[in-house]
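Everything on this sheet refers to the single structure shown next.
What follows is calculated from the coordinates using simple rules that are stated; it is not laboratory data. No experiment lies behind these values; they were computed from the predicted model shown. For neighbour counting, all protein chains shown are included, and Cβ atoms are generated from backbone atoms with ideal geometry for every residue, glycine included.
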Ligand SMILES: [Fe+2]
Ligand SMILES: [Fe+2]
Ligand SMILES: [Fe+2]
Ligand SMILES: [Fe+2]
């Protein structure tokens, strides 16, 4: 089961940086982070940071897709947003399983994870300007945000694959490989968003009216 | 099973608007109101004001008709709540009397929050602020004695809060960089810590705003000076406490947390309220807030795909209470009187290097001039032969701050 909202109650854990406070009981100790990289010849802290960032991106993206699916009034687009919910939820599940295998808490939100969440959340704020555009453009805005989130998600999968490929044979390496395979789910849909946007914009440009 | 507003039925938003007669409520009698009833009134006013201002800020970041109108409707209800709550204060309560009550709130609220705060860093921040507001009560108590005559202090604070020096106001003036603190992380924060931080921000912010506005209403230069000096510390306190909030939270999440905190505090205060009429008011407002939580949750769900049930705790934490904190405060006084801040951390003032920015700031504001918070004690000693204190638990826990009738007893 994927957790889309990480809170203390849902098992949130973290690592404090200069400006953050993580309660002592929820702090993931540095040695635990380092250990996962040692076997594979990688910097464990950085790998965990990246996984957390990808998980947070997928969580916010899944939530945005829920909101977009509810708001969209175009059947075809609503279906796309609904498909994205499932894709991102499966990504969250894959990354949480990866944390399981690396013996880190599933709800680990690293400093980089916080920033990834903020970035994705900020993209999701675009519809707050719905009053400035036509309903048609509001629909396009949902698609624009979905596309921006998808681009990052595809790039994330690529980055994780590169890290896995550079890892030495180890349990960490096989866990990473497994996650890379799982993250391929929905790739075609994510990549298809560019085309879909072009198609929608072309249709709007051709439509009658002002 | 504890209390969870998401599973309760509130008053529909459309039925929350009250008429002028309902809003213009009979104030309490300042002579027989319980000091902690007055304290609860002041806290809830600060909480409503913060919620309203936050909603205004949110409204300035969107032009979505549905979001803007929902916010406007909830905000109007919160505005009406604020009127009823603050209009409980009687017109014959002087500005200085209200000021004493504000500092009593700052003391006993902060002490309770610190005592129950689960996170060690946040607790340290609260303890640090506690000793400063504790000193403000002492300075204002001496001022009111000089300006409005004797007995006013105990009429307001009762014997629930002791009046004696805390960390002397003169040494509280620090460089702005040393007021910024670290913040909690939304993914790991205890729900109680979040509410503590939101509550203390609201309380300190209203104290800051109050002094900013009422400070010049007095004629004597000493009174005007003391208000502006302490208003500057309240600015420091707001800077300190607002630093605790996680900037990662979105507008919709903040909106939900604000109404949830309103709910939590009305629910808390309802349990201890001794005035039945005011208890009924807390209950009425709780019923309204249950609906605010529901509507803010609906907005969060629709616009961010977040289920409020997953963001909020399954039940409310232990209630926030006004209680006598005399012993706790004495312990903190004894252990932490010498602390100052350096960046985000707290250190003994003696450990600062001579070129620390703290000393530069101290010099910039204090050097070569009469410092109002010191002057007020000198004036009191001059007029009455001693400073004003109200203690019930023995001598001051810090020896250097014990009474010395002929001298200003707060020198560093
Ligand atoms: Fe309210
Ligand atoms: Fe104060
Ligand atoms: Fe304060
Ligand atoms: Fe409210």
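Starting from region B:82-106, keep only residues that are farther than 20 Å from residue B:47 by Cβ, then list their pairs with residues that are within 16 Å of ligand 4 (Cβ to nearest atom) whose Cβ atoms are within a distance under 6 Å, requiring at least 6 positions of separation or different chains.
Close Cβ pairs (under 6 Å, with a partner that is within 16 Å of ligand 4 (Cβ to nearest atom)) do not exist here.
Take region A:16-30 and flag every residue that is in a loop (DSSP other than H, G, I, E, B), in contact with a strand residue (DSSP E or B) (Cβ under 6 Å, 6 or more places away or on another chain) and within 8 Å of chain B (Cβ to nearest Cβ). Walk me through how you get there before you give the answer.
Step one: list which residues in region A:16-30 are in a loop (DSSP other than H, G, I, E, B), which gives A:16-19, A:22-23, A:28-29.
Restricting the remaining residues to those that are in contact with a strand residue (DSSP E or B) (Cβ under 6 Å, 6 or more places away or on another chain) gives A:22, A:28.
Listed by number, the list holds a single entry, A:22.
Considering only region B:94-117, I want to know if a residue exists there that is away from every other protein chain (no Cβ under 14 Å), more than 24 Å from residue A:19 (Cα to Cα) and part of a loop (DSSP other than H, G, I, E, B). Break it down into steps so the answer makes sense when it comes.
Going residue by residue through region B:94-117, those that are away from every other protein chain (no Cβ under 14 Å) are B:94-116.
Next, from what is left, pick out any that are more than 24 Å from residue A:19 (Cα to Cα): B:94-109, B:111-112.
Checking the rest, the ones that are also part of a loop (DSSP other than H, G, I, E, B) come to B:94.
Within region B:94-117 (the criterion being away from every other protein chain (no Cβ under 14 Å), more than 24 Å from residue A:19 (Cα to Cα) and part of a loop (DSSP other than H, G, I, E, B)), the answer is yes, since at least one residue qualifies.
Closer than 27 Å to residue A:7 by Cα and surrounded by fewer than 21 Cβ atoms within 10 Å (Cβ to Cβ): is that true of residue B:199 in this structure?
Numbers: closer than 27 Å to residue A:7 by Cα: yes; surrounded by fewer than 21 Cβ atoms within 10 Å (Cβ to Cβ): no.
So residue B:199 does not fit the description; no.
Name the single residue, out of those in region A:68-80 being surrounded by fewer than 22 Cβ atoms within 10 Å (Cβ to Cβ) and either within 14 Å of chain B (Cβ to nearest Cβ) or not in a helix (DSSP H, G or I) (or both), that is nearest to the chain's Cα centre (by Cα).
Only one residue tops the list, namely A:69.
Taking the options A:63, A:15, A:59, name whichever one is over 18 Å from residue A:112 (Cβ atoms) and touching a residue at least 40 places away in the same chain (Cβ under 8 Å).
Working: A:15 fails: over 18 Å from residue A:112 (Cβ atoms); A:59 fails: over 18 Å from residue A:112 (Cβ atoms).
Of A:63, A:15, A:59, the one residue that is over 18 Å from residue A:112 (Cβ atoms) and touching a residue at least 40 places away in the same chain (Cβ under 8 Å) is A:63.
Assess whether residue B:163 counts as being more than 14 Å from chain A (Cβ to nearest Cβ), over 25 Å from residue B:47 (Cβ atoms), within 18 Å of the chain's Cα centre (by Cα) and more than 13 Å from ligand 3 (Cβ to nearest atom). Show your work before the answer.
Working: more than 14 Å from chain A (Cβ to nearest Cβ): yes; over 25 Å from residue B:47 (Cβ atoms): yes; within 18 Å of the chain's Cα centre (by Cα): yes; more than 13 Å from ligand 3 (Cβ to nearest atom): yes.
Yes: the conditions hold for residue B:163.
Can you run down the residue pairs with Cβ atoms below 9 Å, 6 or more apart or on separate chains, where the first is in region B:126-141 and within 14 Å of another protein chain (Cβ to nearest Cβ) and the partner is away from ligand 3 (no atom under 12 Å from the Cβ) and not in a helix (DSSP H, G or I)?
Hits for this filter: B:126/B:117.
Working only within region A:159-201, note down all residues that are free of Cβ contacts under 8 Å to residues at least 60 places away in the same chain, part of a helix (DSSP H, G or I) and under 16 Å from residue A:87 (Cβ atoms).
A:180, A:181, A:187, A:188, A:191, A:192, A:194
Can you confirm whether region B:150-169 contains a residue that is free of Cβ contacts under 8 Å to residues at least 12 places away in the same chain and either farther than 27 Å from residue B:51 by Cα or surrounded by 17 or more Cβ atoms within 10 Å (Cβ to Cβ) (or both)? Explain how you work it out, then say what you get.
Restricting attention to region B:150-169, the residues satisfying the condition of being free of Cβ contacts under 8 Å to residues at least 12 places away in the same chain are B:150-151.
Going one step further and asking which of them are either farther than 27 Å from residue B:51 by Cα or surrounded by 17 or more Cβ atoms within 10 Å (Cβ to Cβ) (or both), we end up with B:150-151.
Yes: region B:150-169 contains one or more residues that are free of Cβ contacts under 8 Å to residues at least 12 places away in the same chain and either farther than 27 Å from residue B:51 by Cα or surrounded by 17 or more Cβ atoms within 10 Å (Cβ to Cβ) (or both).
Of these, B:283, B:234, B:262, B:255, which one is in contact with a helix residue (DSSP H, G or I) (Cβ under 9 Å, 6 or more places away or on another chain), in contact (Cβ under 8 Å) with a residue 12 or more places away in the chain and more than 16 Å from ligand 1 (Cβ to nearest atom)?
Values: B:283 fails: more than 16 Å from ligand 1 (Cβ to nearest atom); B:262 fails: more than 16 Å from ligand 1 (Cβ to nearest atom); B:255 fails: more than 16 Å from ligand 1 (Cβ to nearest atom).
None of the others qualify; the one that does is B:234.
If you check residue B:274 against the conditions, is it in contact with a helix residue (DSSP H, G or I) (Cβ under 9 Å, 6 or more places away or on another chain), away from every other protein chain (no Cβ under 14 Å) and within 16 Å of ligand 1 (Cβ to nearest atom)? Let's see the steps before the verdict.
Working: in contact with a helix residue (DSSP H, G or I) (Cβ under 9 Å, 6 or more places away or on another chain): yes; away from every other protein chain (no Cβ under 14 Å): yes; within 16 Å of ligand 1 (Cβ to nearest atom): no.
Criteria not met by residue B:274.
Restricting to region A:148-176, what's the tally of residues that are closer than 25 Å to residue A:66 by Cβ and buried (at least 17 other Cβ atoms within 10 Å of the Cβ)?
Filtering region A:148-176 down to residues closer than 25 Å to residue A:66 by Cβ leaves A:148-157, A:160.
After this cut, where a residue has to be buried (at least 17 other Cβ atoms within 10 Å of the Cβ) as well, the list is A:148-150, A:152-153, A:156-157, A:160.
Number satisfying all stated conditions: 8.
If residue B:43 passes every condition in (1) under 18 Å from the mean Cα position of the chain (by Cα); (2) surrounded by 18 or more Cβ atoms within 10 Å (Cβ to Cβ); (3) away from ligand 3 (no atom under 16 Å from the Cβ) but one, which one does it miss?
Residue B:43 satisfies every listed condition except (3).
Within region B:175-182, is even one residue touching a residue at least 12 places away in the same chain (Cβ under 8 Å), farther than 30 Å from residue A:25 by Cα, away from chain A (no Cβ under 14 Å) and within 16 Å of ligand 1 (Cβ to nearest atom)? Break it down into steps so the answer makes sense when it comes.
In the first step, residues of region B:175-182 are kept if they are touching a residue at least 12 places away in the same chain (Cβ under 8 Å); the result is B:175-182.
Right, trim to farther than 30 Å from residue A:25 by Cα and you get B:175-176.
Filter once more, keeping what is away from chain A (no Cβ under 14 Å): B:175-176.
Filter once more, keeping what is within 16 Å of ligand 1 (Cβ to nearest atom): none.
Looking through region B:175-182, none of the residues is touching a residue at least 12 places away in the same chain (Cβ under 8 Å), farther than 30 Å from residue A:25 by Cα, away from chain A (no Cβ under 14 Å) and within 16 Å of ligand 1 (Cβ to nearest atom).
Of all residues in region B:212-232 being within 11 Å of ligand 2 (Cβ to nearest atom) and surrounded by fewer than 24 Cβ atoms within 10 Å (Cβ to Cβ), which is nearest to residue B:340 (Cα to Cα)?
Result: B:232.
Give B:235, B:298, B:289, B:283 a once-over and let me know the one that is surrounded by 22 or more Cβ atoms within 10 Å (Cβ to Cβ) and either more than 13 Å from chain A (Cβ to nearest Cβ) or within 14 Å of residue B:5 (Cβ to Cβ) (or both). Can you show your working first?
Values: B:235 fails: surrounded by 22 or more Cβ atoms within 10 Å (Cβ to Cβ); B:298 fails: surrounded by 22 or more Cβ atoms within 10 Å (Cβ to Cβ); B:283 fails: surrounded by 22 or more Cβ atoms within 10 Å (Cβ to Cβ).
Of the residues listed, the single one that is surrounded by 22 or more Cβ atoms within 10 Å (Cβ to Cβ) and either more than 13 Å from chain A (Cβ to nearest Cβ) or within 14 Å of residue B:5 (Cβ to Cβ) (or both) is B:289.
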